[in-house]
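A short worksheet on the structure shown next.
The values are calculated or read from the model by the stated rules, or taken from the named source; none is laboratory data. This structure is a prediction, so every number in the text was calculated from the model and none was measured. Cβ sites come from the backbone with ideal geometry, for glycine too, and all protein chains shown count toward neighbours. What goes into the accessible areas is simple: the full protein's heavy atoms, side chains included, and nothing from ligands, DNA or RNA. Shrake-Rupley method; radii C 1.70, N 1.55, O 1.52, S 1.80 Å.
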Amino acid sequence: RAELAGPLAVAVDAEALGLGGTDATTVRSWYEALVAGVSAITAGEEAVVPEAYGLLRARVEEAIKEGRPSSLLAEVAARPEGLTSAEIVADAAVLMFGGIDTTEGMITNAAAHLLGHPDQLALVLEDPALLAGAIEESVRLEPAASVVDRYAVRDVRLGDADIRAGDLVRVSIAGANRDPAVFTDPDRFDVRREDADRHLSFARGPHFCFGAHLARLETATALGALLRLPGLRLEHTGGARGLVFRKPAEVRVRWDPA
């Protein structure tokens, strides 16, 4: 997680935003400061803008001026209807929040699932076309973001609960993805599961994760590289941990010398 999945997620996010010239460790430190700030707000504490936000703003503004071809930020800024500088910086922070921890978790969870089920790993090694299904099944079984918050826009009765407009509703995506009314034997990891893509890990409707395709591509790229290592096998993993962002602290592996 710390040596492969995390650095890859940071590097791709930074490159997409046009921050590729910034050290990955620096980008990660900004991200962690932003996460801490948001977590404090969620806990009901006073909102304090972290110093990292100012550093991010300076780098984003610099990236916009540089106009790197790969930069989403520079592209948006160049449009006639483009956002203001402050809006672009805010969006950059949101994209970092949504594209680092989640993708890191998605890659790590998928590696742990595949290597932790040798029979399923054997199927993928025999038929690489099953890798996409394995990734989809992994993100169903253990979504990188397992809980999301929503605010009701109108009064509604859901099951036995009365929800009023404006109420905070905490939704368990992990619970929905293991609904036995939707998925047969939902706790089983099955790379051949035909309806795995019915999961809600990327949400639905207007809240659908527009980075879903990139996250899938990063995970497929990372796993595709790992699976080329001869005799790759799991040595140790403590299993996924966390309420909102769920992933193992580490996934230790071994492979045979080429």
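Considering only Ser201, Ser71, Ser138, give the residue with the highest GNM mean-square fluctuation for the chain, with springs between Cα atoms whenever their separation is below 10 Å. Looking only at Ser201, Ser71, Ser138, the largest GNM fluctuation is found for Ser71.
Would you mind classifying segment 73-187 by shape? Square roots of the alpha carbon gyration tensor eigenvalues, ordered a ≥ b ≥ c; an a/c under 1.5 is rounded, otherwise it is prolate if a/b is larger than b/c and oblate if not.
Values: a/c = 3.04, a/b = 1.24, b/c = 2.46.
Oblate shape, in that a/c is at least 1.5 and b/c is the bigger or equal ratio.
When the solvent-accessible area of segment 146-235 is split by element, carbon and sulfur atoms take up 55 percent of it, the probe being 1.4 Å.
Would you mind working out the accessible area per residue for segment 132-175, using a 1.4 Å probe, and quoting it in Å²? Mind showing how you got there, number by number?
Working: 2400 Å² over 44 residues.
Averaged over the residues of segment 132-175, the accessible area is 54 Å².
The packing ranking, built from the mean of other Cβ atoms within 10 Å per residue, places the peptides 29-40, 112-123 in the order 112-123, 29-40, highest first. Helix-only arithmetic for the chain: the sum of -39500 (n - 2.57) across DSSP H runs with n ≥ 4, divided by the residue total, places the mean residue ellipticity at 222 nm at -15500 deg cm²/dmol.
3J(HN,Hα) along segment 210-218: 6, x, 4, 5, 5, 4, 5, 5, 4 Hz, from the Karplus curve 6.51 cos²θ - 1.76 cosθ + 1.60 with θ = phi - 60°, whole Hz, x for Gly and Pro.
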